[in-house]
Amino acid sequence: MRKPIMAGNWKMYKTAVGTTAFFEKFRSLVAASDHCEIVICPPFPNLPSAVEAAKGTRIHIGAQNLYWGKEGAVTGEVSGPMLVCVGCTHVLIAHSERRFYFGETDDVVLKKTIAALEVSLTPIVCVGERLEERESGATGRVLVEQFQNGLGGLTPEQFSKIVIAYEPVWAIGTGKTATPQIAADAHRLIRGEARARFGADAAAALRILYGGSVKPDNVKSLMAQPEIDGVLVGGASLDPISFASIVNF
Ligand code: PGA
């Protein structure tokens, strides 16, 4: 049985005060939600407030990015050991906004994933096709390439510790959710790649989250798909009541 992960990606939203206010409401709403793991990923400066506010709860805190070196002359970057020091347990890697605004390539994905694993952070590695790729029938090829180039270089031991998030770019922040069927098909394809590279047991244990316009009113039908092992939520994770109703689908 794969335990679902319900993760919130706050992107570049909220201050420290807003972070604390969110948790004040959210904590009690998910206090009994032990059917899943809950992860919230605030922007870097608000990680300490989030860690503090989540103390004594089952809510995990993740970062939205990391650099692959431990320290060095790399202005503006944050390393895995720094995230661990602040209390993070998870980190998003290669969100499509990182791939497209900041040019993150599959090489970078592999380096960042290994760097996260070296300090025992759980990487949530994002993959997904763009609208023009879906429309031209290239979805399968794109997902296979992202998997093979970004994750195929992991050892089986490393692979057993990662989480993948399938986020079709055309569904992010657009209000267009992939139908449960479209998402499940993509998850099956990714799991098939995992099976081919890392074997049946590793593929069966791999958790694949769906992301892209997940809302309280569509989460149930997505989670009804056995292939979908949780969700990565942007906009609808910013409000405590909305995100709690997603967590407690
Ligand atoms: P959205 O974002 O839920 O606002 O579409 C999802 C994401 O980018 O992870």
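The values are calculated or read from the model by the stated rules, or taken from the named source; none is laboratory data. Since we're looking at a predicted model, the values are computed, not measured. Every residue, glycine as well, gets a Cβ built from its backbone with ideal geometry; the counts of neighbours run over all protein chains shown. In case anyone asks, the SASA skips ligands and DNA or RNA and just uses the protein heavy atoms, side chains included. Shrake-Rupley method; radii C 1.70, N 1.55, O 1.52, S 1.80 Å.
Taking the stated definitions as given, is Ile59 within 16 Å of the ligand (Cβ to nearest atom) and open to solvent by less than 70 Å² (accessible area, probe 1.4 Å)? No, not satisfied. Across region 22-49, the number of residues qualifying as assigned to a helix (DSSP H, G or I) and surrounded by 15 or more Cβ atoms within 10 Å (Cβ to Cβ) comes to 10. Screening Ala184 against (1) open to solvent by 60 Å² or more (accessible area, probe 1.4 Å); (2) farther than 20 Å from Glu37 by Cα; (3) not basic (Lys, Arg) leaves a single unmet condition, (1). Going through Leu209, Leu222, Leu232 one at a time, which residue ends up being open to solvent by less than 50 Å² (accessible area, probe 1.4 Å), within 16 Å of the ligand (Cβ to nearest atom) and in a helix (DSSP H, G or I)? It is Leu222. Screening Ala203, Ala196 for residues that are surrounded by fewer than 17 Cβ atoms within 10 Å (Cβ to Cβ) and either within 24 Å of Glu97 (Cβ to Cβ) or more than 16 Å from the ligand (Cβ to nearest atom) (or both) leaves exactly one candidate, Ala196. Filter region 183-210 down to the residues that are among the hydroxyl-bearing types (Ser, Thr, Tyr) and more than 19 Å from Met6 (Cα to Cα) and list them by number. Of everything in region 183-210, nothing turns out to be among the hydroxyl-bearing types (Ser, Thr, Tyr) and more than 19 Å from Met6 (Cα to Cα). Filtering region 125-158 down to residues that are assigned to a helix (DSSP H, G or I) and among the hydrophobic types (A, V, I, L, M, F, W, C), which residue is farthest from Ile208 (Cα to Cα)? This residue is Leu131. Taking the conditions (1) under 28 Å from Phe100 (Cβ atoms); (2) open to solvent by 60 Å² or more (accessible area, probe 1.4 Å); (3) part of a helix (DSSP H, G or I) in turn, Thr174 satisfies each one other than (3). Taking the listed residues Lys25, Lys3, Lys111, the one that is touching a residue at least 40 places away in the same chain (Cβ under 8 Å), more than 20 Å from Ser213 (Cα to Cα) and in contact with a Phe, Trp or Tyr (Cβ under 7 Å, 6 or more places away or on another chain) is Lys111, with no other qualifying.
Would you check if Val169 is under 26 Å from Gly8 (Cβ atoms), within 16 Å of the ligand (Cβ to nearest atom), crowded, with 18+ Cβ neighbours inside 10 Å and modelled with pLDDT of 95 or more? Against the criterion (under 26 Å from Gly8 (Cβ atoms), within 16 Å of the ligand (Cβ to nearest atom), crowded, with 18+ Cβ neighbours inside 10 Å and modelled with pLDDT of 95 or more), Val169 does not qualify.
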